[in-house]
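Rule-based calculations on the coordinates, nothing more; no lab input. Keep in mind it's a predicted model, so treat the numbers as computed, not measured. Here the Cβ positions follow ideal geometry from the backbone for every residue, glycine too, while neighbour counts run over all protein chains shown.
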Amino acid sequence: MTLLNETWNGKENKNVSLRNGTLQNLSNSSKTEVIEGWLIDKLSQILAIEPNQIDVSQDFDEFGLDSAEAINLSGELENYLGCRLSPTLLWDYKNIETLAKYLATNFKPVSSEETSVSLETEACQPNEVAEILPENYIFDRFPEYQKLRSQLERVSSLGKGNPFFVPQEKIVNDKTTVNGRELINFATYNYVGMCGDPVVSQAAKDATDLYGTSACASRLISGEKPLHKELEAEIADFIGVEDSIVMVGGHATNVTTIGHLFGKNDLVIYDSLSHNSILQGCFLSGASLVAFPHNDAAALAKILRERRHRYQRVLIAIEGVYSTDGDIADLPQFIALKKRYKAFLMVDEAHSMGTIGNSGRGISEYFGVNPRDVDIWMGTLSKSFASCGGYIAGDRALVEYLKYTAPGFVFSVGMSPPNTAATLAAVRVLKAEPERAVILQARAKLFLELARAKGLKTGMSKDSPVIPIIVGDSLKSIQLSQQLFQRGINVPFMIYPSVPQNEARLRFFVTCNHTEEQIRFTIDTVSEELAKL
């Protein structure tokens, strides 16, 4: 403890020692001793025990620190060393001994200019505070916000005001109402007409009467309702796996699941056109990341062949139907690769569940594969199932582990009773009425065939209700969307960065309730308006 007392003797001496380079000038073994001593001292204060009771080889988990204490300890250590550290250090290194050795070998203080704010905040003079730029503490000065405002003004100037957040005044299906005006609607993914279905709506009303509008707690504690287990069993049965778990948001389902199941010793390989929620989950996980060219199984095989042996767990993440282009993943090839290289396969079925397969059971039914050959099924409840939330389905062990440990589930309120009941009713209606999926597929096929017959560019779309009309030019895409609106057709545009440069488009979502007449009128109108541009 001698070196500790020389180096760490309160806040003032800490800053002096860092400025004088005390730790920098020590040998690695001495640095290790100093840092171990600092950690022992800090832990003894937090745990209210004597320093000699702390064993440097004891796992941090065994000290019983809560997450806030662990993060705060990392922050204090960052200040002490004068270098940037991860807030998850106490999870990344198992005990004081291994953490101290790592830091002694790798710590590198930042410059005095960089540490002046973080290390001397309490001693700052007024002129030092004044040097902080407004963009670092005022929201409307954020460069990112200024860029957003510029983009919105540019889009508004191209047409008739801001085209975003336009209120839809009634149930949206094949038609929508905007400012009292009815339009043919291709901007909703109410694919099989469950939103507004009397059976689904009544189920939500009944659940509200019985349970209220909220679960009012995490399901782990006291937010569990009988409906939750019924729904999870129904989803698992519909897909053909052992169990499922439902969460309150589709985007959050991907983020918390990927972020929780995989870590720094793992690899996630994802399709280059994967949804933002998959990417955010990857970033959260801390795993190594590699994107493979869209739907290219050969490229994926090469990555696995070269890299699989370097990692503990490997996840392959793909989608059933891709939400921007409307094409379908070649599932059998990905299953073969995941088996060969002993990896996990995750399929996001946000846009394929309810829409493809003979009875709408998704991509496994579409290809006729065993759904248990996929490790992690993910889907949203806001599309074919007319509700809000997401699910993970697979084997019982996966679901049980997530229910007790996934942060986005454990620390979140349970799915609301009306949303749960609406989803449950929608799944059961689709089971009883698979013809909804069949009609949807026929309508989507008609739309695609007519569009191609007119020479419209529909990209990679195939056998799905997601059909882009690729215009190329961003300005023309915005103008086309607005001209169609004037002619009674509601369809949104997609421009860079949502899609690559020169691939701006309109994206049409077809539903089972669209009529052949609506589709024929729409294709004719798109062709006419596009010719004018």
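Data table
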{"item": "Relative contact order [Cα under 8 Å, 6+ residues apart], region 198-432, whole percent", "result": "32"}
{"item": "Ordering of 424-431, 272-279, 506-513 by burial proxy (mean other Cβ atoms within 10 Å per residue, highest first)", "result": "506-513, 424-431, 272-279"}
{"item": "Residue order, fewest to most surrounding Cβ atoms within 10 angstrom, among W91, W377, W38", "result": "W91, W38, W377"}
{"item": "Shape call, the chain: gyration tensor on alpha carbons, a/c limit 1.5", "result": "prolate"}
{"item": "Long-range amide H partners of N190 with built H, under 5 Å", "result": "none"}
{"item": "Residues whose placed amide H lies under 5 Å from that of K175, excluding near-sequence neighbours", "result": "N185"}
{"item": "Karplus-derived HN-Hα couplings along region 424-434 (A = 6.51, B = -1.76, C = 1.60, θ = phi - 60°), whole Hz, x at Gly and Pro", "result": "4, 5, 5, 4, 5, 5, 5, 4, 7, 10, x"}
{"item": "Ascending count of other beta-carbon atoms within 10 Å, so fewest first, for L77, L210, L381, L227", "result": "L210, L77, L227, L381"}
{"item": "Label-reachable residues, region 301-335, where backbone N falls under 19 Å from a point 7 Å from R452's Cα toward its Cβ", "result": "321-330"}
{"item": "Linear extension gain, K431 paired with K342, 0.36 nm per residue minus alpha-carbon span", "result": "28.7 nm"}
{"item": "Peptide ranges 43-51, 366-374 listed from the most packed, as the mean C-beta count within 10 angstrom indicates", "result": "366-374, 43-51"}
{"item": "Three-way shape call for region 330-426 based on the alpha-carbon gyration tensor, with the a/c threshold at 1.5", "result": "oblate"}
{"item": "Residue-averaged 222 nm ellipticity for the chain, from DSSP H runs of 4+ at -39500 (n - 2.57), nearest 500", "result": "-14500 deg cm²/dmol"}
{"item": "Distance (nanometres) between label positions extended 7 Å along Cα→Cβ at S86 and N106", "result": "0.7"}
{"item": "Cut-off 13 Å between beta-carbons: net charge of the residues surrounding K476, Lys and Arg +1, Asp and Glu -1", "result": "0"}
{"item": "DSSP-defined beta bridges in the chain - what % are antiparallel, rounded to 5", "result": "55"}
{"item": "Relative contact order (%) - the chain, alpha-carbon pairs under 8 angstrom, separation at least six", "result": "15"}
